[in-house]
1. Can you pull out every residue in the stretch 221-272 that is touching a residue at least 24 places away in the same chain (Cβ under 8 Å), surrounded by fewer than 17 Cβ atoms within 10 Å (Cβ to Cβ) and part of a helix (DSSP H, G or I)?
2. Could you list all residues from the stretch 1-55 that are polar (S, T, N, Q) and under 18 Å from residue 189 (Cβ atoms)?
3. Within the bounds of the stretch 57-79, is there any residue that is free of Cβ contacts under 8 Å to residues at least 24 places away in the same chain, within 24 Å of the chain's Cα centre (by Cα) and part of a loop (DSSP other than H, G, I, E, B)?
4. Only one of these is in contact with a Gly (Cβ under 9 Å, 6 or more places away or on another chain) and of a type in the set (D, E, K, R): 276, 265, 302. Name it.
5. Residue under question is residue 243, and the condition is that it be over 20 Å from residue 275 (Cα atoms), among the hydroxyl-bearing types (Ser, Thr, Tyr), modelled with pLDDT of 95 or more and more than 18 Å from the chain's Cα centre (by Cα); does it hold?
6. Take the conditions under 23 Å from residue 164 (Cβ atoms), surrounded by 19 or more Cβ atoms within 10 Å (Cβ to Cβ) and in contact (Cβ under 8 Å) with a residue 40 or more places away in the chain and apply them to residue 291. Does it pass?
7. Quick check on the stretch 93-100. Is at least one of its residues among the small types (Gly, Ala, Ser), out of contact with any Leu (no Cβ under 6 Å at 6 or more places or on another chain) and either assigned to a helix (DSSP H, G or I) or modelled with pLDDT of 95 or more (or both)?
8. Given the criterion modelled with pLDDT under 95 and more than 28 Å from residue 31 (Cβ to Cβ), identify the matching residue among 264, 249.
Amino acid sequence: MAAIVLGANKVFECQVTGIARRGRSAPVRTSSRFHLGSNTKAITATMVATLVEENRLSWDTTVLDVFPEWSNSIHPDYRGINLNDLFQHHSGLPPYNNATSADMRRLPAGESAAEVAGFILHRPPARKPGSGGLYSNAGPAIAAVMAERMTGLSWETLIRNRIFGPLGISGGFGWPNAADPLQPSGHVHTWFGPIPTPTFLIHALPPFFRPGGDVHMCLPDYARFLQSHLNGLQGKDALLQATTVRHLHTARGVFGLGWGVGPHDGRMTSGHDGSDGTFYVTAALWHERNLAIAVAANMGGDLASKACHTVSNAIARVYLSRSS
């Protein structure tokens, strides 16, 4: 496990414990990378926000504004959905959160991201768009396809150029140990204990959904990303203008853009959990306090979730009891 506590301009603590892979002695280090899972959604939303600030997109930009050729094939209910809807989970799209679900099995294989998006959007929604929140991994993925069309660059390149580079992050995509065997292995918990995930297995996340869940980085690098949001919540321009950050952390129901937003113990917070089933990460930011916490484990499942939240809550009690 690894945990980091930070303010807008300072890391207060960063601690790690444990080993990178069961059966080996190499320890986890502060430089070890963890797969962020769905915490990637906030990174993709931040990348899109840089395009909004450049007036290349707006939060009201609809799918048909970017792909007018879909006007005769898109399901009528989707004609008005925009970037806000896609990131705030009000698009009506099915969840696409289970690799064995009927919706997931219907997706075409071997097609481009834009072709998969077009296929998804020609099918009926799971609920009427705008009628309420329904968490969907397809929303950020379609938003990323819109960004790709507007820029002519891949999602990975946009993340490198607009997030990693400006923030000094040495992040990557996919499982951390796929390219570097010294990085932590993810683990699946079984009756026999944690089992390392072999890198030769096909990645559990289909390529189309990577903008919603497939970035990895070490916690000190993740802290730089969180600090860019803490600064904005405190009214300071950083990677994004403060007004843009506030928009990302404005709730529509319980969903911001890449964040879950709402009161926690009477304090307004933004947070998110992420897991591809082999890692687990939880992150939280307090809007009115100079504080963010992230905790990661190189194992997925309920035990990892409980452990990460137990550690995060214990840290929060200590720091929130102090004066700002």
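1. Across the stretch 221-272, there are no qualifying residues.
2. 17
3. No, the stretch 57-79 has no match at all.
4. One residue alone meets the criteria, 276.
5. Taking the combined requirement at face value, the residue satisfies it.
6. Against the criterion (under 23 Å from residue 164 (Cβ atoms), surrounded by 19 or more Cβ atoms within 10 Å (Cβ to Cβ) and in contact (Cβ under 8 Å) with a residue 40 or more places away in the chain), residue 291 does not qualify.
7. For the stretch 93-100, residues among the small types (Gly, Ala, Ser), out of contact with any Leu (no Cβ under 6 Å at 6 or more places or on another chain) and either assigned to a helix (DSSP H, G or I) or modelled with pLDDT of 95 or more (or both): absent.
8. 264
The values are calculated or read from the model by the stated rules, or taken from the named source; none is laboratory data. Computed from a predicted structure; not experimentally measured. Neighbour counts run over all protein chains shown; Cβ positions are idealised from the backbone, glycine included.
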